[in-house]
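This report refers to the structure that appears directly beneath it.
The values are calculated or read from the model by the stated rules, or taken from the named source; none is laboratory data. Everything quoted here is computed from the prediction, not taken from an experiment. For neighbour counting, all protein chains shown are included, and Cβ atoms are generated from backbone atoms with ideal geometry for every residue, glycine included. Please note that ligands, DNA and RNA were not included when accessible areas were found on the heavy atoms of the full protein model with its side chains. Shrake-Rupley method; radii C 1.70, N 1.55, O 1.52, S 1.80 Å.
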Amino acid sequence: NAFCGLARPESFWATLTELKIVPVERRAFADHHAYTRRDLERLREAAHKAGATGFVTTAKDAAHLAPGDLTPLTVVEIAMEIPAIRTLVDLAWERCQG
């Protein structure tokens, strides 16, 4: 059972596919979602009905959970890559120099 609170949850779903993780259910919440007890209950209920054996989420979302809220919980780190980061930094530096 996968869940996340991201502006673009499709990036998380794509990461799971790349990692060959196939959740029986996916749930997207609003970006920076503050998980409530009711949210956790609904996630548990959905996982139970779907026959899921655990949960998977992002590190960003796991930070909004208390230890033991959802178990077992797998946390996936999502990294942003900017291919031309050196060029971007150089341009910013040039502009700051006047």
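Which is touching a Leu at 6+ places or on another chain (Cβ under 7 Å) and not in a loop (DSSP other than H, G, I, E, B), of LEU40, LEU91?
LEU40
From the list VAL24, VAL76, which one is within 15 Å of the chain's Cα centre (by Cα) and among the hydrophobic types (A, V, I, L, M, F, W, C)?
Selected residue: VAL76, the only one of VAL24, VAL76 that is within 15 Å of the chain's Cα centre (by Cα) and among the hydrophobic types (A, V, I, L, M, F, W, C).
Filter region 64-98 down to the residues that are of a type in the set (Asp, Glu) and open to solvent by 70 Å² or more (accessible area, probe 1.4 Å), then identify the one that is nearest to LEU6 (Cα to Cα).
Ranking the qualifying residues of region 64-98, first place goes to GLU77.
Go through the residues of region 24-34 one by one and say whether even a single one is of a type in the set (Val, Ile, Thr) and open to solvent by less than 30 Å² (accessible area, probe 1.4 Å).
No: region 24-34 contains no residue that is of a type in the set (Val, Ile, Thr) and open to solvent by less than 30 Å² (accessible area, probe 1.4 Å).
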